[in-house]
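The values are calculated or read from the model by the stated rules, or taken from the named source; none is laboratory data. Since the structure is predicted, the reported quantities are computational estimates derived from the model, not experimental observations. Note: ideal-geometry Cβ built from the backbone for every residue, glycine included; neighbour counts use all protein chains shown. When the accessible area is computed, the model is the full protein with side chains, heavy atoms only, and any ligands, DNA or RNA have been set aside. Shrake-Rupley method; radii C 1.70, N 1.55, O 1.52, S 1.80 Å.
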Amino acid sequence: MTFMEKVLKKNTPIWNECAATPFVRELRAGTLPMEKFKLYIIQDSIYLKHYARVYGKAIYHAAALREIQLYYSALGFVTDTESAVRLKYLTRFGMTDEDIERVSPLAENQNYIDFMLGVAAQGNACEILMAVLPCMLSYSYIFRKIAAEPGMPDSKYLDFIEDYAEDGYAESCEQWCGFADKKCSVLTRKEQDRVSRIFEKASYLELDFWKMAYGG
């Protein structure tokens, strides 16, 4: 079993908890109140700005041009694809990026941001990678899981779900797992345990984020 296979096996139960939250279940069913989805979109827009900053730090630590290209591809997804989806909803809500700048992060969001920025400020390339990967990988897992369940309804949030459930996104996640395996395979057992704990902490912060709209 590779390093990432072990990490994913350990964290899949946390991601299953994410998929079972009222927010995600109602998102799938199309019954999630729009105000709760609006709160999520606003808070996630705040989060993504800092998420992109952490990738900038990862690029700084990159050891080869190929690594820089990989980080840029992920950053491109954040700034283009994800931002486009959110911008569409923000426009529907009558909000702009400038409006988002005036909103304060909720506690669950701020905790996640502080954790990522802390790892980016003090960690090495592998530690930074383990801090950002759970967001990307868990979204693929969660949304492919709920999309594969029988009787997928014509949810008003279907476009949002499909963006993360698509095969192309899953293929990118597989590529990133391979990259993480390559980076972390040279670490000592103690170092692997440390970066694995960073991944686990970020996964639990993802769970908190999904609970956020319902008050944690």
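Some notes on this structure:
- Of the residues Lys57, Lys10, Lys6, the single one that is farther than 19 Å from Cys135 by Cβ and touching a residue at least 12 places away in the same chain (Cβ under 8 Å) is Lys6.
- Scanning the range 169-192 for residues that are over 13 Å from Ala74 (Cα atoms) and either among the aromatic types (Phe, Trp, Tyr) or surrounded by fewer than 11 Cβ atoms within 10 Å (Cβ to Cβ) (or both) gives Val186, Thr188, Arg189, Lys190.
- Meets criteria (open to solvent by less than 40 Å² (accessible area, probe 1.4 Å) and either under 30 Å from Val186 (Cα atoms) or at pLDDT 95 or above (or both)) for Ile146: yes
- Residue that is nearest to the chain's Cα centre (by Cα) [pool: residues in the range 101-144 that are β-branched (Val, Ile, Thr) and under 20 Å from Asp208 (Cβ atoms)]: Val132
- Residue match in the range 81-97 (condition: modelled with pLDDT of 90 or more, outside any helix (DSSP H, G or I) and open to solvent by less than 10 Å² (accessible area, probe 1.4 Å)): no
- Within the range 16-51, the only residue that satisfies the criterion of being over 20 Å from Tyr204 (Cα atoms), in contact with a helix residue (DSSP H, G or I) (Cβ under 6 Å, 6 or more places away or on another chain) and open to solvent by less than 10 Å² (accessible area, probe 1.4 Å) is Leu32.
- Conditions (1) open to solvent by less than 30 Å² (accessible area, probe 1.4 Å); (2) within 24 Å of Asp114 (Cα to Cα); number of the one not met by Tyr214: (1)
- Residue count, the range 13-29 (criterion: without any contact (Cβ under 8 Å) to a residue 60 or more places away in the chain, farther than 13 Å from Ile142 by Cα and of a type outside the set (Asp, Glu)): 0
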